[in-house]
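This report concerns only the one structure given below.
The numbers here are math on the coordinates, done by the rules we state, and not lab data. Predicted, not measured: the structure shown is a model, and the values here were computed from it. Counting neighbours? That spans all protein chains shown, and the Cβs are built from the backbone with ideal geometry, glycine included.
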């Protein structure tokens, strides 16, 4: 697909142009005439005359040959118009604003398909329909406002929604982000996000291409292509942050009503982004702030110095950074005493460094230079400086401008006086800087950036599993939940540690097993899927009599075929699961067991096959990770073995695509061992007999 006529057209026609800039055809013409496009511009309007000072052609038949056509007419007129322009006027790129296609009705979807057929037949490219347009540094063919400051090294943004791309750009402009291009793809009838990523990937030049991509996605039509090109861009030096909306059932309905998008599950999105190395965001402001952090020098570690003229914001920032696993280390007493000599009485210098409200830009500069030269524990500096009414803010911001340019460490400016110092802030941003007006927003964005994972597409661990045995067990199994012996066989083939157990219909055999392994034991019914719901799990059985009683009771539970006996083990409950998602493959889940999975939903996900690095990042992203590490005097769990089991499960799934659902809940873990105690696996074969 050739993007040249869209990216760098020598001529543009606006069909449906208007003098009314509140209409799409009028607004896009205004943006074009007031923007950077300096080549041939034509407009078509049935009234003729001039439109916004540009000669208007009455008919499309009258215009010269043109590279790019912007279509802003009723949907019913689009097919004939596009067909004529493509075949008779040599148009090779179309931007279709017109709505009334697949987002509206079945009839509209049919028209949309015909529109795509026309464009494809003419070997042309189309953005839309139902989009707000496209802009880059050469032309602003978009009907929304405002158009941001344009920069060849600015951000590239791709959005499924025209309104949303506008609001993201506004959020980004407010904090100083500049843009290279914006793609509003609307219904993505021909060109979708995967196509644009492929284009950006194929054209990427590490010396000249923009390095930051922001995405707002309502659907991912082809996860494999999305993964391939996003990961490739990141490996080449790009950084990508994205929002994927419609991941909840309610959000899916909202997305559906907007563009006909089909939502992917939240765990599939997380897994896909983790494997690609994409930073996941959940709001427009968060996406803009992450983009702003990415424009600054890279933070090489996790230690920050805070220089502030107000104590409260520094405390808020310190707390927020801590939650994101970023430290604010204390300055040693000798260094602190030396720094204090150069500041006003009352200044606090342990870190955060509080130069107090009357502190000047010079005091701020002294602290920055001192931290860079002597405070070797830190990797970056956050500066909070507003206008309390007793300092020269303009002078301070000029100094900060110079320090950001010359300091070897990244400096994160937090300039909070959005009213009292708005003009000084605006001047600061116009010098090419970003500004985080809120310290919590910075901490949140920074923690996401430093926690991002590298792409792991195509990376498979050289881990030994018994593939023939796995395939043999799968092929002999019937659809549905497989029996416990088959599960044990699969786990043995994959190298998953398992608790010793006996599955039997014979009470005496169960008692003999319990005596051999030693009491206490656990007894579970075999057959019912949800054992706990039917009273099918009995813990802490300590005698032959108790076991005999429970054995008889369990065998009477409806659908029970056998009773499983296991030694009663102690340890922290962990969870590993997997589910097969159409288009994505197997999503592997992990977390702490019990309440953490069922109620708190503290689960991380990854896309199989998983590398050790991916599995480790999943574990470390859990809110309950400190329990795994060990906290409050409790010994940590065997994290390395937990990681290995996740990798082994993902490797097994590669050779057992028939597995559609799997739960290992719980695994019991301590500092030495991680052992699978209970599991269920459901298979579904594509070629049923």
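How much of the DSSP bridge set in region 154-295 is antiparallel, in percent, rounded to the nearest 5? Before the final figure, lay out each step's value.
Numbers: 0 of 18 bridges.
Taking every DSSP beta bridge within region 154-295, about 0 percent pair in antiparallel fashion.
Remind me, what semi-axes does region 154-295 give for its equivalent ellipsoid, largest first in whole Å, using sqrt of 5 times each Cα gyration tensor eigenvalue?
22, 17, 14
Working out 0.36 nm times the residue gap between residue 1 and residue 471, then minus their Cα-Cα distance, what length gain in nm do you get to one decimal?
Result for the pair: 165.1 nm of gain on full extension.
Would you mind calculating the gained length between residue 76 and residue 530 on full extension (0.36 nm times residue separation, minus the Cα-Cα distance), in nm to one decimal?
Extra length available between residue 76 and residue 530 comes to 158.0 nm.
Taking the simple approach of a point 7 Å from Cα along Cα-to-Cβ for both residue 542 and residue 20, what is their distance in nm?
8.4 nm
Work the Kirkwood hydrodynamic radius out for region 610-689: mean of 1/r over every pair of different alpha-carbon atoms, inverted, in Å.
Mean inverse Cα-Cα distance, inverted, gives 14.1 Å.
Between residue 106 and residue 59, what FRET efficiency comes out of the Förster formula 1/(1 + (r/R0)^6) with R0 = 41 Å and r the beta carbon distance, rounded to 0.05?
Once rounded, the FRET efficiency stands at 0.80.
Hey, quick one: spin label on residue 87, modelled 7 Å out along Cα-Cβ, who in region 102-137 has an amide N within reach, i.e. under 15 Å?
114-124
Put a dot 7 Å past each Cα toward the Cβ at residue 423 and residue 505; how far apart are the dots in nm?
With each label point 7 Å from Cα toward Cβ, the separation is 9.1 nm.
What does the C-alpha gyration tensor say about the overall shape of region 157-236? Classify as rounded when a/c is under 1.5, otherwise prolate if a/b is larger than b/c, or oblate.
oblate
Report, for the chain, the % of DSSP beta bridges that are antiparallel, rounded to 5.
Among the beta bridges of the chain, antiparallel pairing accounts for roughly 50 percent.
Once you have a ≥ b ≥ c as the square roots of the Cα gyration tensor eigenvalues for the chain, tell me rounded if a/c is under 1.5, and otherwise prolate or oblate according to whether a/b is larger than b/c.
Oblate is the answer for the chain, as a/c is 1.5 or above yet b/c matches or exceeds a/b.
Between residue 394 and residue 236, what is the spin-label point distance in nm, taking each point 7 Å from the Cα along the Cα→C-beta axis?
If labels sit at residue 394 and residue 236, their model points lie 4.5 nm apart.
Once the piece of chain linking residue 463 and residue 205 is laid out straight, how much longer is it, given 0.36 nm per residue of separation minus the C-alpha distance between them?
Working: separation 258, 0.36 × 258 = 92.88 nm, distance 3.62 nm.
Difference between extended and current length: 89.3 nm.
Taking every DSSP beta bridge that has both residues in region 5-82, what percent is antiparallel when rounded to the nearest 5?
Details: 2 of 13 bridges.
Within region 5-82, antiparallel bridges account for around 15 percent of the total.
Place a point 7 Å from Cα of residue 582 in the direction of its Cβ. Which residues in region 214-249 have their backbone N less than 20 Å from it?
The answer is 218-227, 245-249, whose backbone nitrogens lie closer than 20 Å to the label point.
How high is the relative contact order of region 154-295, in percent, with contacts defined as C-alpha pairs under 8 Å that are six or more residues apart? Can you show the working numbers first?
Values: 244 pairs, mean separation 39.9, N = 142.
Taking the mean separation of contacting Cα pairs over the length of region 154-295, I get 28 percent.
Residue 377 to residue 623: FRET efficiency via 1/(1 + (r/R0)^6), r the Cβ-Cβ distance, R0 22 Å, to the nearest 0.05?
0.20
Take peptides 444-450, 221-227 and line them up by average Cβ neighbours within 10 Å, highest first, as a rough protection proxy.
Most protected by this proxy first, the peptides run 444-450, 221-227.
Using Cα pairs closer than 8 Å and at least 6 residues apart in sequence, work out the relative contact order for region 73-137, in percent.
Details: 83 pairs, mean separation 26.5, N = 65.
Relative contact order here is 41 percent.
Quote the relative contact order of the chain in percent (integer), defining contacts as alpha-carbon pairs under 8 Å separated by 6+ residues.
That works out to 9 percent.
For the pair residue 556 and residue 479, what calculated FRET efficiency results from E = 1/(1 + (r/R0)^6), where r is the Cβ-Cβ distance and R0 = 30 Å, to the nearest 0.05?
According to the calculation, E is roughly 0.65.
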